[in-house]
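Enquirer: What follows is a structure written as structure tokens; I'll ask about it next.
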Amino acid sequence: MEQDSNAGLTGATAAVVQSRWVPPELMAIGSMFCVQLGAALAVPVMSAIGSVATTALRLFWAGILLAVIVRPRFGSMTRQQWFASVGLGIVIAALTLCYFVAISRIPMGPATAIEFLGPLGVALAGSRRLLHLTLAVVAAAGVLLLTREESHWSVDAWGLCFAAGAALGWAAYILLMKKVGASFPGLHGLSIALLVAAIAAMPVSFVAGGNMFKLTPVLWTIGLALLTPLLPYALELMALRRMSTRAFGIFMSMEPAISAVLGYAILAQHLTLRQIAGIGCVVIASAITSIRSRE
């Protein structure tokens, strides 16, 4: 049944979806890389049409593209499946909107660090051993080292609030994505969730006054939708089928490190020794987690 749901995927993507040999940790890394690359490339588009409109259009295109590929079977869904997929869709819309509004108001590093409190909270809530708690603390220390700069950044209260909202959304997203992955074959549940997210985000975009009628930026959002959220969410759903939410929560602590590396490579943002130490902390914590927490 799962093979049927993925019949529309071709080439490398189909190989990744169908292969059982791809480690879930590698899927998580691919997801984080896509998210951070998509965030960086979205900056000029957000400047042109607004962060809310950009986010809404990305969700819209992602929902349409995945629905065309997967062709979800709405008529055969149970009540539990509807609740899970609709709940995930609403959370995806809220999480994505909060995060991209946050990075439009405060620096990307601090916003990502605050957002990481969500999966870190999931990791701490699910910990039953001293090792798990220690790894979560090490990862959190790495995030603090990574995002703290020599100069102080100006505090934007609304930016902090939206980043905190993204953290809550990410925690709920991990739990709901785990449930949807177990309730649906293939990518059917994610397809429905993205359609719900697009429907939820569009009215917010119009209320926020985003300019969704500039042709070039709108066309850019089609490509951005592949980087974030379509490909990352698909990879995370498959990873969560083979990882515990605790292991996934700690492993995602690599995202600030990936963000810093991409910032250096693409935007020529140099790393301090403190930030390099932070990268070391989160990578070590994630590596140990991936070895000891395979479930």
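Enquirer: Filter the stretch 50-81 down to residues that are closer than 30 Å to R105 by Cβ and small (G, A, S) and give me whichever is nearest to the chain's Cα centre (by Cα).
Expert: Here the residue is A62.
Enquirer: Could you count how many residues in the stretch 234-248 are part of a helix (DSSP H, G or I) and either modelled with pLDDT of 75 or more or more than 19 Å from A167 (Cβ to Cβ) (or both)?
Expert: 10
Enquirer: Any chance the stretch 64-86 includes a residue that's more than 22 Å from L219 (Cα to Cα), in a helix (DSSP H, G or I), of a type in the set (S, T, Y) and modelled with pLDDT under 85?
Expert: yes
Enquirer: Separate question: Does any residue of the stretch 213-225 turn out to be assigned to a loop (DSSP other than H, G, I, E, B) and either surrounded by fewer than 16 Cβ atoms within 10 Å (Cβ to Cβ) or at pLDDT 90 or above (or both)?
Expert: The answer is yes, given that some residue of the stretch 213-225 is assigned to a loop (DSSP other than H, G, I, E, B) and either surrounded by fewer than 16 Cβ atoms within 10 Å (Cβ to Cβ) or at pLDDT 90 or above (or both).
Enquirer: All but one of (1) at pLDDT below 90; (2) among the β-branched types (V, I, T); (3) closer than 30 Å to A257 by Cβ; (4) part of a helix (DSSP H, G or I) hold for V91; state the number of the condition that does not hold.
Expert: In the conditions (1) at pLDDT below 90; (2) among the β-branched types (V, I, T); (3) closer than 30 Å to A257 by Cβ; (4) part of a helix (DSSP H, G or I), V91 misses (1) alone.
The values are calculated or read from the model by the stated rules, or taken from the named source; none is laboratory data. Not measured: the values here are computed from a predicted model. Don't worry about glycine lacking a Cβ; one is built from the backbone with ideal geometry, like all the others, and counts go over all protein chains shown.
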